[in-house]
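The values are calculated or read from the model by the stated rules, or taken from the named source; none is laboratory data. Note that this is a predicted model, so its numbers are computed, not measured. When we count neighbours, we look across all protein chains shown, and the Cβ atoms used for this are built from the backbone with ideal geometry, even at glycine.
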Amino acid sequence: MARPGFVLTVDERTPPLLVHAGESFRLQEFPLGTRVVYPPESLPGLPDVDEAIEQALLNPVDSEPLPALLRAGMRLTIAFDDLSLPLPPMRKPDIRQRVIEHVLEYAARAGVDDVQLIAANALHRRMTPAEIEAIVGERVFRSFWPDNLVNFDAEDRANLAHLGMTDKDEDVEISRRAAESDLLVYVNVNLVAMDGGWKSTAIGLASYKSLRHHHNAHTMTHSRSFMDRHSSQLHSSAWRMGQVVGRHVKVFQIETTLNNDAFPSQYGFLTKREWEWSLRDQATFLGAKRGLDLLPAKARRKVFQSMEAPYAVTGVTAGAVEPVHEQTLERVHRQQLVEVDGQSDVLVMGLPYLCPYNVNSVMNPILAACLGLGYFFNSYIGQPLVRKGGAVILNHPVPWEFSALHHPSYIDFFDEVLSVSTDPKVIEQKFEEQYATDPWYIHLYRTSYAYHGVHPFYMWYWCAHALDHVGDVIWVGGDRKAVARMGMRSASTFADALEMASDTVGRSPSITYQHAPPHILAHVKSSA
């Protein structure tokens with residue numbers, strides 16, 4: 001049985017702790033009294049994944065069994081999460097492949113001929129054929145690509161359907177193929193608590209006309225953790241939109257959860273607690289660090305990008321969207337939730353090389369900020385790990401480097417927009433519409449492998465809650481010019497960062513180190 005996550009207080013016996021810093025890592029000594037929040041150990045995987053899939057399809061929650069929903073002559077659409085998760089990518093076979101193959105087998109038995117598979121990438125970049133095949137598997141890819149296995153195109157106006165408005169006057173516009181199907185099957189990987197539910201269809205298959213209602217500065221600023229949908233205005237909007245979707249199309253949701261086995265065995269020390277490292281773990285760490293430090297940047301990136309995680313599947317649930325998602329969240333919480341008492345003056349986080357938007361690409365400064373101040377900062381329930389007005393210290397090199405293929409609008413956003421203002425509200429008012437409607441960015445999104453022109457705005461809005469909450473953001477080892485462009489500060493060492501933060505939090509601050517990856521969700525309770 002896996003042990004729960006726990007909170008450690010650093011004392012004289014505590015060894016140096018592992019800190020991620022992009023495509024590198026190091027051992028860092030923390031001041032005495034530092035609170036370290038560790039994620040739980042990995043839960044055991046299901047003994048028979050295929051049997052679990054079968055049971056989920058035949059015994060769904062609040063729905064008829066899948067075979068009863070299938071018939072000859074119907075229009076069936078299967079949508080699935082794109083490559084933005086899981087992170088790192090899952091060792092093959094991907095759980096989406098296994099689920100899709102079971103669904104297709106039932107469809108074939110029922111005589112369903114009109115089947116289309118859609119990657120629910122919203123305004124994310126298109127996936128390459130090889131990336132799609134890695135998710136769905138060779139057999140499905142060979143049978144359906146390219147005519148009936150496609151990336152969703154949020155700018156293909158002829159293939160969008162406006163389903164109406166929510167009671168808050170939010171447009172609901174999604175894939176026409178999905179909207180006009182007799183059955184929409186959604187295949188999800190719930191890596192963290194913000195995934196799944198109505199977010200799958202109402203966001204993954206939506207156009208800018210819909211996404212602008214919740215991917216904006218106000219909504220992001222007032223979403224008190226994206227990992228707690230009941231406190232997230234983003235999720236409240238998605239749920240309203242999903243209910244409109246549900247009135248127009250039958251949705252059969254299939255959600256899956258994974259454990260915390262996020263790295264292959266040769267990098268297994270990354271997910272262990274340091275005082276439990278064996279001699280072999282210590283030697284592996286030293287060898288890996290020395291080897292990586294000697295490699296040029298491109299070669300080092302290739303090593304990390306080629307990693308596949310040996311995740312085990314911890315659950316499969318199918319049926320009606322909302323009750324399915326409740327069961328999914330229970331499993332996610334069981335794997336990731338850690339109870340923490342109170343907030344600290346300083347929150348320290350080490351950021352890895354990978355976020356949902358740089359798979360097979362470069363972690364540019366905007367994505368580094370989104371990972372730290374968007375995803376990691378918001379990995380809480382209740383209240384943030386750092387107090388209002390406190391300081392966040394992030395470990396990452398923040399290179400001034402961009403992929404012209406994947407992130408063309410990011411380059412211009414970083415050069416032009418952030419040089420004018422770093423305030424999300426000002427940025428939204430002055431620049432968003434220009435980037436969202438720019439013909440060249442739209443062309444690259446539709447025909448190449450570029451994120452939509454508006455995407456860097458969304459990543460910056462993702463930081464809005466953290467930027468509104470904290471008084472200081474300091475990057476250890478970050479490129480000084482890149483960090484300054486984002487309106488933040490950089491330090492050469494952790495000690496220097498603490499000294500700089502003293503202007504905000506005093507000379508003897510309380511410190512919390514959020515020890516991740518693997519994934520963690522802190523349930524932060526108010527101090528007595």
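A few comments on the model shown:
- Members of the stretch 355-389 that are part of a strand (DSSP E or B) and either surrounded by fewer than 24 Cβ atoms within 10 Å (Cβ to Cβ) or without any contact (Cβ under 8 Å) to a residue 12 or more places away in the chain (or both): Ile381, Arg387, Lys388, Gly389
- Residue in the stretch 56-77 that is in a strand (DSSP E or B) and not assigned by TED's automatic domain parsing to the domain that holds Ile254 present: no
- Glu326 being without any contact (Cβ under 8 Å) to a residue 40 or more places away in the chain and either out of contact with any Asp or Glu (no Cβ under 6 Å at 6 or more places or on another chain) or not assigned by TED's automatic domain parsing to the domain that holds Pro456 (or both): yes
- One residue stands out in the stretch 246-276 among those that are modelled with pLDDT under 95 and aromatic (Phe, Trp, Tyr): the one that is nearest to the chain's Cα centre (by Cα), namely Phe263.
- For the stretch 84-177, the helices (runs of 4 or more DSSP H) that sit wholly inside it and include 3 or more residues that are of a type in the set (D, E, K, R) are 95-109, 138-144.
- When residues in the stretch 119-135 are screened for being in contact with an Asp or Glu (Cβ under 7 Å, 6 or more places away or on another chain) and of a type in the set (Ser, Thr, Tyr), 0 of them pass.
- Take the conditions (1) surrounded by 19 or more Cβ atoms within 10 Å (Cβ to Cβ); (2) in contact with a helix residue (DSSP H, G or I) (Cβ under 6 Å, 6 or more places away or on another chain); (3) closer than 27 Å to Gly22 by Cβ; Glu432 misses just one of them, which is (3).
- Residue match in the stretch 189-200 (condition: at pLDDT 95 or above, farther than 27 Å from Ser236 by Cβ and touching a strand residue (DSSP E or B) at 6+ places or on another chain (Cβ under 9 Å)): no
- Every residue from the stretch 325-354 that is assigned to a loop (DSSP other than H, G, I, E, B) and either crowded, with 21+ Cβ neighbours inside 10 Å or touching a Gly at 6+ places or on another chain (Cβ under 6 Å) (or both): Gln343, Tyr353, Leu354
- Flag for Trp475 being aromatic (Phe, Trp, Tyr), assigned by TED's automatic domain parsing to the domain that holds Thr512 and in contact with a Leu (Cβ under 7 Å, 6 or more places away or on another chain): yes
- Elements of the type helices (runs of 4 or more DSSP H) sitting completely within the stretch 432-528 and holding at least 3 residues that are modelled with pLDDT of 95 or more and within 25 Å of the chain's Cα centre (by Cα): these cover 439-447, 455-462, 464-469, 480-485.
- Leu347 meets all of the listed conditions (1) at pLDDT 95 or above; (2) farther than 30 Å from Asp472 by Cα but one, namely (2).
- Thr422 fulfils the conditions (1) within 30 Å of Arg212 (Cβ to Cβ); (2) in a loop (DSSP other than H, G, I, E, B); (3) touching a helix residue (DSSP H, G or I) at 6+ places or on another chain (Cβ under 7 Å) except for a single criterion, (3).
- Positions within the stretch 259-302 being of a type in the set (A, V, I, L, M), surrounded by 13 or more Cβ atoms within 10 Å (Cβ to Cβ) and free of Cβ contacts under 8 Å to residues at least 24 places away in the same chain, in sequence order: Ala288, Leu295
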